[in-house]
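This report concerns only the one structure given below.
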Amino acid sequence: MSFLQTLRVAVRALARNKLRSFLTTLGMVIGVSAVIAMVAIGDGAKARVEAAFAAMGSNMLIVLPGTSTSGGAMGGFGTMPTLTWDDLRAIQTEVATVRAAAAQLRASAQVLSEDQNWTTSVLGTSPEYFQIRNWPADRGSLFTQADVDGGTKVVAIGQTVADKLFGPNANPLGQVVRVKNVPFVVTSVLAKKGQSQWGQDYDDLVVVPISTFQQKIQGGLKNYIAGSIAVSATGPEATARAETQIRGLLRDRHRLQQGTDDDFSIRNLSEIASAQQEGTRTLTTLLAAIAAVSLLVGGIGIMNIMLVSVTERTREIGLRMAVGAKPGDILLQFLVEALALAVAGGLIGVCLGLAGAWRLATSFGWEVLYRPDIVLVAVIFSGVVGVAFGLYPAHKASRLDPIQALRFE
Amino acid sequence: MGTAPLIELLDVVKTYVMGDVEVHALRGVSLSVQQGEFTAIMGASGSGKSTLMNIVGCLDRPTSGRYLLDGAEVSRLSTEKLAEVRNRTIGFVFQSFNLLSRTDALENVELPLLYAGVGTAERHRRATEALGRVGLADRVHHHPNQMSGGQQQRVAIARALVSQPRVILADEPTGNLDSQTSVEVMALFQQLGRAGITVVLVTHEPDIAQYASRVVVMRDGKVLSDTRQEPRVARAPAPEPAGIPAGGGR
């Protein structure tokens, strides 16, 4: 008997007991819909964490200068400038896994508009910085290398600063703000980035060309960078390699002997990100485990009903054997019935799960991510459950003695 | 086929072991049935007639002895091979019809062809033809619960016929039927015998056995008597309800 005919016979048999078949699939439906909904929501949460870290910067490393020691008191990283402009250029040109690098100099300063003032952080950097942090302009255009070369007095302001100085609906482009009494023309408003994981407002800053920063806001240190270097690696998997390569390069350039400590430090932000993701992954795994248990329960339900069905249809099995069904035909028939039950449950579960995730997402404002591969895995897995739990009843049916079966009342 | 018997049992023994008790269901039965013969097997319950039927029907294997069906030894075949032999060579008719409920007559009749791997169109054609042969051409899409006992049994006979078997085995086919429909069913069997199909009938009703051309009586697992007779002619499915000889006291 062909598989298609077997399938038809199986579906016919299931259709004879519609309510029972439906109730049997319910276990699978609940299990699969739980998996689908959980994974969609879990992935949504993960995507949100990823987005938060992408806002921080893509595949970002920060190189901080070393520590100062005065009278035995060690000052923490960044207190003593050890990174030179040549180091920066070396990182930019000599490390293959580095996509871009930019020095960042910071100062806190009061910024004045015509009638308002706001104390914020002033960042002096080069145009690569915007690339490293994935930070486009919302309005206007960002300053360029020409601005850095010419030391022009232009400023890109964060959204928070724009709101404080000009009000929420004004257009700050072309306006003049004063920083340390130096007039700057606002040429762009940066896109809103929101808060960091720790509540720091990314949008509360103004950015000026690094040359202008050194000339007008805070004098430089000649050869040394009085700040840190932001680096973006070529890809998420390249950050660890970039870290090692930069460390090697800087130790070489600073002529550090083996065994001595680094006179700088490198922070790998993607490591923090992956720690965060670890948390969501644990949650997803936990939910998946619960879902797996409910699938197991669904499978047991199928086995139970298949056993009942085999007993109920003993005469039918006997008859089929008498007219020429081989044990294999009977085995296949019941196996296909269990499979059909499980897969039907799986498919209904997928639909319910997607709908449920969507419903939760809209009512709680969560983010959900629909993954077709998970849908496929869920359907295949429910099929596997059907076969696994259908095997015993089907085997039992195929081993019936036709004579006994025909006499069964 | 010449003179070679279609069914040939040679000293067939069947012993069941139930716990530590041995039940001797058949104690050496030898029997030959020619093609086209209409044989009735009679005997009290426990005489071994059902066991004999199961062995002849290839549902069971003898403990010892040989069974040649259409010249081929089948007593030692595997379960799968026996299923094939049943499918090709034997048609079954049961006392309780054993039709699939909620399944129309056509599909019930198609069942053996399904396991023979016959294609859909051919299955429909042959099943329709078989139903026509038993006079149910107009009941093709009726379900068993929409038919009388006699009609249901005729569907079962059509199912037995559809694979064009050499032998039809009928186990108390009239046990659940009234006397008039019983005669109709017997008429059908006689008709099949004339068409060259071998019919083996198990019954405990002497009235029914009258319609056979040969009566084998079993007792204690052995053949007690084996007589050929001039069969009583069953009148073909009669339109008039009266005038049919009433059989038995039922």
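Can you run down the residue pairs with Cβ atoms below 6 Å, 6 or more apart or on separate chains, where the first is in region B:86-99 and more than 7 Å from every other protein chain (Cβ to nearest Cβ) and the partner is among the β-branched types (Val, Ile, Thr) and assigned to a strand (DSSP E or B)?
Listed pairs, sorted by first residue: B:90/B:167; B:91/B:168.
Residue A:265 - would you say it is in a strand (DSSP E or B), farther than 19 Å from residue A:404 by Cβ and outside the structural domain of residue A:17 (by TED's automatic domain parsing)?
Considered against the rule, which asks whether it is in a strand (DSSP E or B), farther than 19 Å from residue A:404 by Cβ and outside the structural domain of residue A:17 (by TED's automatic domain parsing), residue A:265 comes out as yes.
If you scan region A:389-409, which residues turn out to be assigned to a loop (DSSP other than H, G, I, E, B) and either under 14 Å from residue A:321 (Cβ atoms) or touching a His at 6+ places or on another chain (Cβ under 8 Å) (or both)?
Result: A:399, A:400, A:401, A:408.
What residue, among those in region B:68-81 that are at negative phi and in contact with an Asp or Glu (Cβ under 9 Å, 6 or more places away or on another chain), is nearest to the other protein chains (Cβ to nearest Cβ)?
Filtering first and then ranking leaves B:77.
Does residue A:90 satisfy the criteria of being surrounded by fewer than 17 Cβ atoms within 10 Å (Cβ to Cβ), over 28 Å from residue A:194 (Cβ atoms) and out of contact with any Ser or Thr (no Cβ under 6 Å at 6 or more places or on another chain)?
So residue A:90 fails the test.
Quick one: which residue in B:120, B:63 is within 10 Å of chain A (Cβ to nearest Cβ) and among the β-branched types (Val, Ile, Thr)? Spell out how you get there, then give the answer.
Values: B:63 fails: within 10 Å of chain A (Cβ to nearest Cβ).
On inspection, the qualifying residue turns out to be B:120.
How many of the residues in region A:310-335 are assigned to a helix (DSSP H, G or I) and within 14 Å of another protein chain (Cβ to nearest Cβ)?
Residues flagged as assigned to a helix (DSSP H, G or I) and within 14 Å of another protein chain (Cβ to nearest Cβ) within region A:310-335 amount to 17.
Which members of region B:9-43 meet the condition of being aromatic (Phe, Trp, Tyr) and under 16 Å from the mean Cα position of the chain (by Cα)?
Result: B:38, single match.
Yes/no per residue for (1) at positive phi; (2) surrounded by fewer than 22 Cβ atoms within 10 Å (Cβ to Cβ):
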{"site": "B:11", "(1), (2)": "yes, yes"}
{"site": "B:14", "(1), (2)": "no, no"}
{"site": "B:24", "(1), (2)": "no, yes"}
{"site": "B:31", "(1), (2)": "no, yes"}
{"site": "B:35", "(1), (2)": "no, yes"}
{"site": "B:40", "(1), (2)": "no, no"}
{"site": "B:44", "(1), (2)": "no, yes"}
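Across region A:238-284, what is the number of residues that are farther than 18 Å from residue A:45 by Cβ, without any contact (Cβ under 8 Å) to a residue 60 or more places away in the chain and surrounded by 14 or more Cβ atoms within 10 Å (Cβ to Cβ)?
Matching residues across region A:238-284 total 4.
Kindly establish whether residue A:224 is under 18 Å from residue A:134 (Cβ atoms), surrounded by 13 or more Cβ atoms within 10 Å (Cβ to Cβ) and among the aromatic types (Phe, Trp, Tyr). First the steps, then the outcome.
Details: under 18 Å from residue A:134 (Cβ atoms): no; surrounded by 13 or more Cβ atoms within 10 Å (Cβ to Cβ): yes; among the aromatic types (Phe, Trp, Tyr): yes.
Considered against the rule, which asks whether it is under 18 Å from residue A:134 (Cβ atoms), surrounded by 13 or more Cβ atoms within 10 Å (Cβ to Cβ) and among the aromatic types (Phe, Trp, Tyr), residue A:224 comes out as no.
Within the group B:120, B:128, B:103, B:174, which residue is among the polar types (S, T, N, Q) and under 30 Å from residue B:207 (Cα atoms)?
Testing whether each residue is among the polar types (S, T, N, Q) and under 30 Å from residue B:207 (Cα atoms) leaves just B:174.
Residue under question is residue A:407, and the condition is that it be at pLDDT below 90, within 14 Å of chain B (Cβ to nearest Cβ) and on the phi < 0 side of the Ramachandran plot; does it hold?
yes
Can you find even one residue in region B:130-141 that is facing chain A (nearest Cβ under 10 Å), of a type in the set (A, V, I, L, M, F, W, C) and surrounded by 17 or more Cβ atoms within 10 Å (Cβ to Cβ)? Steps first, answer last, please.
Taking region B:130-141 and keeping what is facing chain A (nearest Cβ under 10 Å), we get none.
Checking region B:130-141: not a single residue is facing chain A (nearest Cβ under 10 Å), of a type in the set (A, V, I, L, M, F, W, C) and surrounded by 17 or more Cβ atoms within 10 Å (Cβ to Cβ).
Does at least one position in region B:50-63 carry a residue that is within 20 Å of residue B:193 (Cβ to Cβ) and either more than 16 Å from the chain's Cα centre (by Cα) or free of Cβ contacts under 8 Å to residues at least 12 places away in the same chain (or both)?
No: zero hits.
On the given criteria, is residue A:338 part of a helix (DSSP H, G or I) and among the small types (Gly, Ala, Ser)?
yes
Yes or no: region A:199-217 includes at least one residue that is aromatic (Phe, Trp, Tyr), within 28 Å of the chain's Cα centre (by Cα) and closer than 17 Å to residue A:122 by Cβ.
Scanning region A:199-217, I find at least one residue that is aromatic (Phe, Trp, Tyr), within 28 Å of the chain's Cα centre (by Cα) and closer than 17 Å to residue A:122 by Cβ, so the answer is yes.
Just need a number here: residues in region B:100-117 that are surrounded by 15 or more Cβ atoms within 10 Å (Cβ to Cβ), at the interface with chain A (Cβ under 10 Å from one of its Cβ atoms) and not acidic (Asp, Glu).
Of the residues in that region, 9 qualify.
Tell me which residues, restricted to region B:179-191, are of a type in the set (A, V, I, L, M) and either crowded, with 22+ Cβ neighbours inside 10 Å or closer than 9 Å to residue B:38 by Cα (or both).
B:183, B:185, B:186, B:188
Taking residue B:153 as the residue in question, decide whether it is among the polar types (S, T, N, Q), part of a helix (DSSP H, G or I) and not assigned by TED's automatic domain parsing to the domain that holds residue B:191.
When the stated conditions are applied, residue B:153 passes them.
Select from region B:197-225 the residues that are within 10 Å of residue B:40 (Cα to Cα) and out of contact with any Ser or Thr (no Cβ under 8 Å at 6 or more places or on another chain) and write down the one among them that is surrounded by the fewest Cβ atoms within 10 Å (Cβ to Cβ).
So, considering only residues that are within 10 Å of residue B:40 (Cα to Cα) and out of contact with any Ser or Thr (no Cβ under 8 Å at 6 or more places or on another chain), the one surrounded by the fewest Cβ atoms within 10 Å (Cβ to Cβ) is B:206.
The values are calculated or read from the model by the stated rules, or taken from the named source; none is laboratory data. Here the structure is a predicted model, which means the values were calculated and not measured. Please note: Cβ atoms are built from the backbone with ideal geometry, for glycine as well, and neighbour counts cover all protein chains shown.
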